[in-house]
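Asks: Structure in structure tokens, see below.
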Amino acid sequence: MHGSGQERVCCPEKEASLTANVSEPTDRRVQRTRYALRDALISLLPERGWDDLSVQDICARANVGRSTFYMHFRSKEELLAGGLSDLRDALREQANAAREEGRGELPFVRGLIEHVHEQRKLFRALIGRRSGHVVQARFREMVLQLAEDDLSRLVAARWQRDATAHYIAGALVELLAWWVEGRCVRSADQIEHLFHQLTAPAIARLKSSID
């Protein structure tokens, strides 16, 4: 009934094909569930804020059971980290495209500023006055990784590069927080221009440093 060992060896391609057909729908379901949970988090953050937001709130908005949530994420912090990781990867792709077009230093900045501008309410919950410490730390970490990526293309590894990356990431996060909370409206172009004006001396100093 189960077939001989010889039959199983003779048809490896068929077995591989059957396995792929079984796993592909499963992979799609996993992806849909993860996207639903991420979208629920994004929609709830401006409404509830991080500290008052529970896993049960996220599950209810995503129409997903708690047991299903914990099959994918250990906590709401891990769900947040996954969403920021996706954003970081998207910004890296945009930065790579901008770099190929020769669009200056720190090309990730434009994409991030545009993203903040398009989703102002969300980013007010992420980095504004009412955001949680965990959220701010995760966001700052993402920006730092992007700054480190860009600076690594300008100079070799040294302590000045590490310090400059932290300086730039901190300055950018604070500028964005001021922007999303501010009553004085400024365009994305104005914010980007100001940021590059402020950081240009730091990058120039980094390029000339030798210690």
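The values are calculated or read from the model by the stated rules, or taken from the named source; none is laboratory data. Predicted, not measured: the structure shown is a model, and the values here were computed from it. Virtual Cβ from ideal backbone geometry, glycine too; neighbours counted across all protein chains shown. When the accessible area is computed, the model is the full protein with side chains, heavy atoms only, and any ligands, DNA or RNA have been set aside. Shrake-Rupley method; radii C 1.70, N 1.55, O 1.52, S 1.80 Å.
Asks: With 134, 155 as the choices, which residue is of a type in the set (A, V, I, L, M, F, W, C), surrounded by 14 or more Cβ atoms within 10 Å (Cβ to Cβ), part of a loop (DSSP other than H, G, I, E, B) and in contact (Cβ under 8 Å) with a residue 40 or more places away in the chain?
Replies: Numbers: 134 fails: part of a loop (DSSP other than H, G, I, E, B).
Criteria check complete, one pass: 155.
Asks: Within the stretch 43-80, track down each residue that is surrounded by fewer than 16 Cβ atoms within 10 Å (Cβ to Cβ), closer than 19 Å to residue 124 by Cα, of a type outside the set (S, T, N, Q) and under 18 Å from the mean Cα position of the chain (by Cα).
Replies: Of everything in the stretch 43-80, just one residue is surrounded by fewer than 16 Cβ atoms within 10 Å (Cβ to Cβ), closer than 19 Å to residue 124 by Cα, of a type outside the set (S, T, N, Q) and under 18 Å from the mean Cα position of the chain (by Cα), namely 77.
Asks: So if I check each of 144, 172, 206, 198, which one is open to solvent by less than 60 Å² (accessible area, probe 1.4 Å) and either more than 29 Å from residue 51 (Cα to Cα) or not in a helix (DSSP H, G or I) (or both)?
Replies: Numbers: 144 fails: either more than 29 Å from residue 51 (Cα to Cα) or not in a helix (DSSP H, G or I) (or both); 172 fails: either more than 29 Å from residue 51 (Cα to Cα) or not in a helix (DSSP H, G or I) (or both); 198 fails: open to solvent by less than 60 Å² (accessible area, probe 1.4 Å).
Exactly one residue qualifies, and that residue is 206.
Asks: Of the numbered conditions (1) surrounded by fewer than 17 Cβ atoms within 10 Å (Cβ to Cβ); (2) within 28 Å of residue 76 (Cβ to Cβ), residue 177 satisfies every one except a single condition; which is it?
Replies: Failed condition: (1).
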